[in-house]
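Before any comments, here is the structure.
Every number in this text was worked out from the coordinates using simple rules, so none of it is lab data. What you are looking at is a predicted structure, and each value in this text was computed from that prediction instead of being measured. FYI the Cβ positions are ideal-geometry reconstructions off the backbone, even for glycines, and counts take in every protein chain you see.
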Amino acid sequence: MSRLVLIVAAAISVFGACKSAGMTPAMRTEIQSKVEGAQPAIQACYQKSLTTNRKLQGMMVATFSADGKTGQFQEITLRRDEPNDPVLRFCVISELAKLALAKPPGDRVVIDSYPIKFEWANP
């Protein structure tokens, strides 16, 4: 029986690519926490896609912004999409679009690069 492994590469160094004069360490931590909190839903996306393609794996790199007034994640695109699976792509973007910062940042915050790695492994 195989087990599913989803790695959200969420190193704080990734957020060196964030664009905003108001980006604080607390905001970086909250963004990381929000995306990690979406991991079960993103993992479910991957699990569902594996039912049609058992060899599906690879890296996605998401770019998105947090609205300054609402904190809602928006403008979500994939800079890299190795799995190249339209169902997985749509599902991941949809899950990220559900996220919002608890306290709106005041200014739009752009996250240039947030990697998500999909791979499966045997136990």
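Fewest to most neighbouring Cβ within 10 Å: what's the order for Met59, Met27?
With the fewest neighbours first, Met59, Met27 line up as Met59, Met27.
Mind sorting Val109, Val61, Val87 by how few other Cβ atoms lie within 10 Å of their own Cβ, fewest first?
Val87, Val61, Val109
Using Cβ counts within 10 Å as a stand-in for footprinting exposure, how do Cys91, Cys45 rank, fewest first?
Going from sparsest to densest Cβ surroundings: Cys91, Cys45.
Tell me the trypsin sites (Lys or Arg not before Pro) within the stretch 24-123 that lie in a loop according to DSSP and have at most 13 other beta-carbon atoms within 10 Å.
Arg54, Lys55, Lys69, Lys98
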